[in-house]
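Just below is one structure, and these are the notes that go with it.
The values are calculated or read from the model by the stated rules, or taken from the named source; none is laboratory data. Keep in mind the model is a prediction, meaning the values are calculated, not measured. Cβ placement follows ideal geometry from the backbone for every residue including glycine, while neighbour counts extend to all protein chains displayed. When the accessible area is computed, the model is the full protein with side chains, heavy atoms only, and any ligands, DNA or RNA have been set aside. Shrake-Rupley method; radii C 1.70, N 1.55, O 1.52, S 1.80 Å.
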Amino acid sequence: MSLLKADAMIAGYGKTRILNECNIAVDRGEIAVIVGPNGAGKSTAMKAIFGMLPLESGSITLDGKSIEKLSPQDRVASGMAFVPQTSNVFVSLSVEENLEMGGFLREDDINKTRDQIYSLFPILYEKRKQAAGELSGGQRQQVAVGRALMTEPTLLMLDEPTAGVSPLVMDELFDRIIEVRNTGIAVLMVEQNAKQALEIADTGYVLVSGENRFTDTGEALLADAEVRKTFLGG
Amino acid sequence: MGANVKTILTFGIMAVMLSAVGIMQSWSLALAITNMCLISAVMALGVNIQWGYAGLFNVGIMGFTALGGVAAVLVSVSPVGGAWQAGGLGILASLAIALATIATIVFIRSKLPPSRSRSWILFFVFVAGIAIVRWQYAPAVLAIEKFEPAQTGFLGGLGLPIIFSWFVGGLFAAGAAWLIGKIALGLRSDYLAIATLGISEIIIAMIKNEDWLTRGVKNVSGLSRPVPYEVNLQSSPWFHDLVEKVGGSSLPTETLARQQALQQMVIESSSIFVKLCYTGLFVIVLCLLLWLAHRAQKAPWGRMMRGIRDNEDAANAMGKNVTKRHLQVFVLGSAVVGIAGAMMTTLDGQFTPGTYQPLRYTFLVWVMVIVGGSGNNLGSVLGAFIIWFFWIEAEPLGQWFISFITSGMAADSALKLHLIESAAHMRLIFMGVILLMVLRFSPHGLLPEQIRR
Amino acid sequence: MSEDILNALVIVSNYILVPGLAYGSQLALGALGITLVYAVLRFSNFAHGDSMAFGTMFTILGTTWLQSKGVSLGPLPTALLALPFGIIAAILLCLIMDKLVYQHYRRQKSTPVMFVIASVGVMFITNGLVRFIIGPGDRSFSDGERFIIKAREFKRMYGLNEGLSIKMTQGLTFVIAIICMALLFWFLQRTKTGKSMRAYSDNEDLALLSGINPQRVVFITWVIVGALIAIAGVLYGLDKSFKPFTYFQLLLPMFAAAIVGGIGNPLGAVLGGFVIAFSEIAITYAYRKFLIYLLPEQYEPNGLMQLLTTDYKFAVSFMILVAVLIWRPTGLLRGKSI
């Protein structure tokens, strides 16, 4: 049984329908990647799952519990964490304060989680007293992911984490994401860099016009000739 | 209910309320209120041109109003020969030096490329200019202010009919607005607000302190009038005849009593007649400005302004010069406020710099515009009428209200005395509540902007 | 000769340094309130000066009541004991106005200008309330010891021509302001709630994603702002005097301080407060006596050696404001977020 299960989501802005019966599921300890052409509804799907966009119909369950009615804040409390594509760190706060704010809702001791994040992203420990706004793009993304992990989520959602970073930094970020997965967290991400993302994906979803076109393991999708031709540029 | 029906209805109600004041209190008071309503309407129109057309948040209205008042003084008062002899030359010289300094600075800026040394040269020219200006200016000012300080102590004006000052007041305000706009437009909305608030305070400070120009807090009274004086009317046979013709039927028939009653009536009527003359003049100005404002709003220029107001970025992207347009509308709106300022000083017959307060001359006008309906010229006029009416009538209403709630208290109760004494301040609270209520429950005002694309 | 230099230094301390530190502290506290409202609620609060008058008024009423009971603090002004009345009143005013007025526009996600216009409405009401309750007149409510150092004693002690006097209210203003600022900065930098306020100011959406409750942040902001304005208002009133219209006019130097320092930046507000205060005093001070001490006799100045008369105080704060807006629009310290 999947940790996150979003079934037949229909949603849109005003009269424009973006998602047409879209299905997404993620398991514990698994990376799921949503890819597709521009305007396919990838980010919209993320927003709908996280509750930033109301569903017209469809169902979303997390760990078997229905969460469609919850506000984004309540979804955070129930174990989801979301890293937006832009403005995803508190630029004027130090790295350490960013992490602390990530764990704002937690009543227990957050130092242990913070140390885990520091061991996952050693550079953050080095820069912990620096304002997040002064860091490089890749380091900022690590702060953003770290902040999201502070709630000890069961599902981590990333909206284009590698947008605007260099290929080298992208590889490093993907390595870190694999490490996050290896701690048992489910990872769901939207990616523009489809090829590289599918390489690390356990499951890949190819969305077109808000509908599931292909769903398979990352490996299989990469091997699929039609997927390669249409979406991965050969 | 159609927009036109609503406009006619609301103005009708306003007319009924003013008439009620005429019948219940006095016609003289009703006309006095109407005249200030008309002046307020011109001010509100000016603010609406800036805010309603272009979304500029100007809270320096007090300054432009006061500049209009300065115009009234400088146009109508006769020149003071002695003061001119004492220090006129010095003032003119310092003015010339100031202009020369500015010209030098502009010249250097245009000739030399920006660099550290240029900044130093400019700074040096600036400081030297100020020093030379002060060397000429300070003794001249002293000499002028020493000349018959009890009556004059200033240069006086041009001695022209005061009605010209309405135009000049507009020019003064426009000039100041151009200068301010050059500096402050382009700032974001709330910075512009703070900048204009500050400039209006500076304008008032200058008017209060530059005695050689405006007599400062010593005030200028006895300004000439564009309409007849009551005393002259009372001694004119034609006015007696007119009064007798209009009101004769209500007079007693017995000769002596009739004579006395007629005399009384002539005295009362003369004051009303004078006020009516002002009303007539103000109505002409207001209608003219309204017509112009209406034409501008309907013209492509007005459409472009609305476009800029509603989406500045898009307008910018389409190649519209937003800052230039803003400057234009800022200057025009301020000029209208300046005209109103000159009209107000004309009506008062005196210029009293100490009475300019932002609450009354800036923020109250804002309440008028918001309540009336931003973007709708007739709305601002209506807002001005309603708000000024209540600003004046809130006092008797407040007194009545306080004496009603304190009627149970002992006559010498300290609380009662305090409340009665403070009742006048209720109108501030009252205005705040009206503003917030309209903003909350009818944010487009009583007569909303009619959007026609 | 060296005595002349000492005398000149004493003059500067007496007429510029001490009054500047006191006035600067008052402006800094006021500007902190403006900057906090701007950082968290994202608008320029035109009702700030009048809310200050409101808090001060309740302190004055409390002082009068305490005095009538025969309570006093000895050398210190009784108003310090009555300060809690003013703080509570100002906080309540802020919270009630937020509930009745600003909350609605927050929910509507209105433009900043709408908030500013709403704050003009609040300004009218607060101003009216103050005048209604205590009247528009000038009043002084300082009691206790007037001076910490008297000019006459200073001259006797050091054998100088010029005396230095420090008023009790000036000393108190400085000490209390420093304590308040230290507390505020400790709160913002070290406590979880303070950090959540900074986070909310920095990035509202991300703060929501992190589970920070906006209502709580807004509530705490108003509580702090209320306390700050009451303290600033009382200190100003003790040092000078209380008059509703003067408090309204303080709006301009306070805004100037907040913007010059970098609006939204508390450290900037403090810096801006002192910059504005010292400029106002230094530019409108007559340097004649100071120069007489320093210059050789033949160069003694004739005039007052004053750059601007004190009537142009506003002009000074305003000119600095304009200069900063033109050349460094973000302020001396970078603004916009706490």
Residue order for C:His48, B:His425 - accessible surface, 1.4 angstrom probe, largest first: B:His425, C:His48
Total accessible area lost when A and C pair, probe 1.4 Å, Å² to nearest 100: 1700
The stretch B:8-129 shape via C-alpha gyration tensor axes, a/c threshold 1.5: oblate
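Only Lys, Arg, Asp and Glu count, each charged at its Cβ (+1, +1, -1, -1), so figure out the dipole size of chain A about its Cα centre, rounded to 20 debye. Kindly include the intermediate steps, with their values, before the conclusion.
Values: 23 positive and 32 negative charges, 105 e Å.
Using only the charged Cβ atoms, the result is roughly 500 debye.
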Euclidean distance of C-alpha centroids, the stretch C:123-180 and the stretch B:307-335, integer Å: 48
Debye, to nearest 20: dipole size of the stretch C:186-338, +1 on Lys, Arg Cβ, -1 on Asp, Glu Cβ: 440
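With a 1.4 Å probe on protein heavy atoms only, work out how much accessible surface B and C bury together, total over both chains, in Å² to the nearest 100. If you can, show how the numbers build up before the last one.
Numbers: alone 23370 and 16430 Å², together 35740 Å².
In total, chains B and C hide about 4100 Å² from solvent.
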Per residue accessible area of the stretch B:320-396, 1.4 Å probe, in Å²: 23
Solvent-accessible area of B:Glu230 with every protein chain in place, 1.4 Å probe, in Å² to the nearest 10: 50
Accessible area per residue in Å² at 1.4 Å probe, computed on the stretch C:2-250: 37
By accessible area with a 1.4 Å probe, ligands and nucleic acids excluded, highest first: order of A:Thr16, C:Thr56: A:Thr16, C:Thr56
Global geometry of the stretch C:8-86, whether rounded, prolate or oblate, following the gyration tensor of its Cα atoms and the 1.5 cut on a/c: oblate
Where A:Leu93, B:Leu112 fall by accessible area, highest first, once all protein chains stay in place (1.4 Å): B:Leu112, A:Leu93
Rounded accessible area of B:Phe385 (nearest 10 Å², 1.4 Å probe): 30
Burial of 40 Å² or greater, the stretch B:190-227 residues [accessible area, probe 1.4 Å, versus chain by itself]: B:Asp190, B:Tyr191, B:Ile194, B:Leu197, B:Glu201, B:Ile202, B:Asn209
Length-normalised contact order of chain B in % [C-alpha pairs under 8 Å, at least 6 apart]: 30
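Please compute the net charge surrounding C:Val130, taking Lys and Arg as +1 and Asp and Glu as -1 over other residues with Cβ under 15 Å from its Cβ.
Local net charge: +1.
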Average Cα contact separation per residue, chain C, under 8 Å, 6 or more apart, as relative contact order %: 31
More than 60 angstrom apart: percent of Cα pairs within the protein assembly as shown: 22
For B:Tyr53, net neighbour charge (Lys/Arg +1, Asp/Glu -1) across residues whose Cβ lies under 13 Å away: +4
With every protein chain in place, the protein assembly as shown: carbon and sulfur % of accessible area (1.4 Å): 62
Per-residue SASA entry for B:Met206, accessible area with 1.4 Å probe, Å² rounded to 10: 100
Dimensionless Rg ratio for chain B, taking C-alpha atoms and the 2.2 N^0.38 Å reference: 1.13
Charge-dipole axis of the stretch C:1-113 as Lys and Arg at +1 and Asp and Glu at -1 on Cβ define it, positive-most pick from C:Gln108, C:Ala82, C:Val18: C:Gln108
Leading residue at positive end of dipole, chain B (Cβ point charges), from B:Phe385, B:Gly90, B:Phe282: B:Gly90
Total charge dipole magnitude, the stretch B:80-155, about the Cα centre, Cβ charges on Lys, Arg, Asp, Glu only, Debye to nearest 20: 520
Calculated log₁₀ intensity ratio I(q)/I(0) where the Debye formula runs over C-alpha points of the stretch C:50-125, q = 0.11, 0.14, 0.18 Å⁻¹: -0.40, -0.55, -0.73
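Rounded, prolate or oblate, given the Cα gyration tensor of the stretch C:220-281, with a/c below 1.5 counting as rounded?
oblate
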Listed residues C:Ile5, C:Phe174, C:Ile149: farthest to the positive end of the dipole of the stretch C:2-250 (Cβ charges): C:Phe174
Relative contact order of the stretch A:76-234, pairs being alpha-carbon contacts under 8 Å that are 6 or more residues apart, as %: 23
Alpha-carbon centroids, the stretch B:90-160 and the stretch A:70-86: separation in whole Å: 64
Viscosity 1.567 mPa s, 4 °C: Kirkwood-radius Stokes-Einstein D of chain C over Cα pairs, µm²/s: 61
Counted charge near B:Thr352, where neighbours are those whose Cβ lies closer than 12 Å (Asp, Glu -1; Lys, Arg +1): +2
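Would you kindly work out the equivalent ellipsoid of the stretch B:80-155 from its C-alpha gyration tensor and give its semi-axes, the square roots of five times the eigenvalues, largest first in whole Å?
Ellipsoid semi-axes (Å, largest first): 35, 10, 7.
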Volume in Å³ per residue [convex hull over Cα atoms, computed for chain A]: 118
Within a Gaussian network of chain C (alpha carbon springs, distance under 10 Å), most fluctuating of C:Leu160, C:Leu321, C:Leu235: C:Leu160
DSSP-defined antiparallel bridges as percent of all bridges, the protein assembly as shown, nearest 5: 60
Value at 222 nm in deg cm²/dmol, rounded to 500, when DSSP H runs of n ≥ 4 in the protein assembly as shown each add -39,500 (n - 2.57): -20500 deg cm²/dmol
